1. Quote to one decimal, in nm, the extra length available between ARG65 and ASN94 on full extension: 0.36 nm per residue of separation minus the C-alpha distance between them.
2. What is the distance, in nm, between label points placed 7 Å from the Cα along the Cα-to-Cβ direction at LYS38 and at ASP17?
3. Could you compute the FRET efficiency for GLU58 and GLU9, with r as their C-beta to C-beta distance and R0 at 25 Å, rounded to 0.05?
4. Heavy atoms only, probe 1.4 angstrom, no DNA, RNA or ligands counted: give me SER18, SER66 ranked by accessible area, highest first.
5. Among 43-52, 91-100, 23-32, how do they line up from the highest to the lowest mean number of other beta-carbon atoms within 10 Å?
Amino acid sequence: GIIFGPEKELAYLIVTDSGREVTVSSQHPILTVNAQGKMLSVKAVTALSTGEFVLNDEGSADRVRSIVPHKYDGQMVNFNVISDDSTNHFVTANGIILGDNAWQQRLASVHSRILLRADLVKELEEKKQ
């Protein structure tokens, strides 16, 4: 499936040392790798830092040179790969390997659980006082 629509938040332009560029939404999943190209994690672009490595479409590690937030007036497109295997839920955009919508939803649910736990701890501490 394909999901698309206008971006209401800031978009992020990722530029790599090899010159590859991709613009993604703030919560779009990015596959990070080590310098040898071995997978490390999948994280939202807002958790990505310059100097980290992403995987390019040649299977090589590509260092992130810059991450530039900006207003984006175009349509954002996100794919949902149909597969039961999480290793298949990746797409290539402008030569950079990205997670699909399933990864984005998973990251969002993990983030929500962390927020809920933090809220619970805060509420319990307030009740002690």
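The values are calculated or read from the model by the stated rules, or taken from the named source; none is laboratory data. Computed from a predicted structure; not experimentally measured. So basically every Cβ, Gly included, is an ideal-geometry build from the backbone, and we count neighbours across all protein chains shown. In case anyone asks, the SASA skips ligands and DNA or RNA and just uses the protein heavy atoms, side chains included. Shrake-Rupley method; radii C 1.70, N 1.55, O 1.52, S 1.80 Å.
1. Full extension from ARG65 to ASN94 adds 8.9 nm.
2. Placing both labels 7 Å beyond Cα along the Cβ direction yields 1.9 nm.
3. 0.20
4. SER18, SER66
5. 23-32, 91-100, 43-52
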